[in-house]
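Reading through the structure tokens given below for one structure.
What follows draws every value from the coordinates through simple rules; no lab data is involved. A quick note: this is a predicted structure, and the numbers were derived from the prediction, not measured. Please note: Cβ atoms are built from the backbone with ideal geometry, for glycine as well, and neighbour counts cover all protein chains shown.
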Amino acid sequence: MEAITIHPQDEEQLTAIKYILKIMKIPFDKSKEEKNLYNPEFEAKMKRGAEDKKAGRYKEIKTEDLWK
């Protein structure tokens, strides 16, 4: 089955959504933290790449030189 994420704008909306889900007997999970969508290894590589670029540890290749 498919899952959805709902973003209520205030406490009143959150209460109403929980009430409706309980009445319809639809199970739901409570979570205050955002789940990470990316693999931690991928995130570490991206962070390392950004740090390398800041430190000047990269090589720039012009588009016209890509196929040489």
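Key figures
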{"item": "Linear extension gain, ALA16 paired with MET46, 0.36 nm per residue minus alpha-carbon span", "result": "6.8 nm"}
{"item": "Reachable lysines, given that their alpha-carbon falls under 25 Å from the alpha-carbon of LYS68 and they are not under 8 places away in the same chain", "result": "LYS53, LYS59"}
{"item": "Approximate shape of the chain as ellipsoid semi-axes (Cα gyration tensor, √5λ), whole Å, largest first", "result": "46, 14, 12"}
{"item": "Of PHE42, PRO27, ALA55, farthest towards positive along the dipole that unit charges on Lys, Arg, Asp, Glu beta carbons give the stretch 15-68", "result": "PRO27"}
{"item": "GluC sites (Glu not before Pro) lying in DSSP loop within the stretch 14-68, provided at most 13 other Cβ fall within 10 Å", "result": "GLU33, GLU34, GLU60"}
{"item": "Dipole magnitude of the chain about its Cα centre (Cβ charges: Lys, Arg +1; Asp, Glu -1), debye to nearest 20", "result": "280"}
{"item": "MRE, 222 nm, helices only [DSSP H, n ≥ 4, -39500 (n - 2.57), over the chain, to nearest 500]", "result": "-14000 deg cm²/dmol"}
{"item": "Cα→Cβ-extended label distance, 7 Å offset, between LYS25 and TYR58, nm", "result": "5.5"}
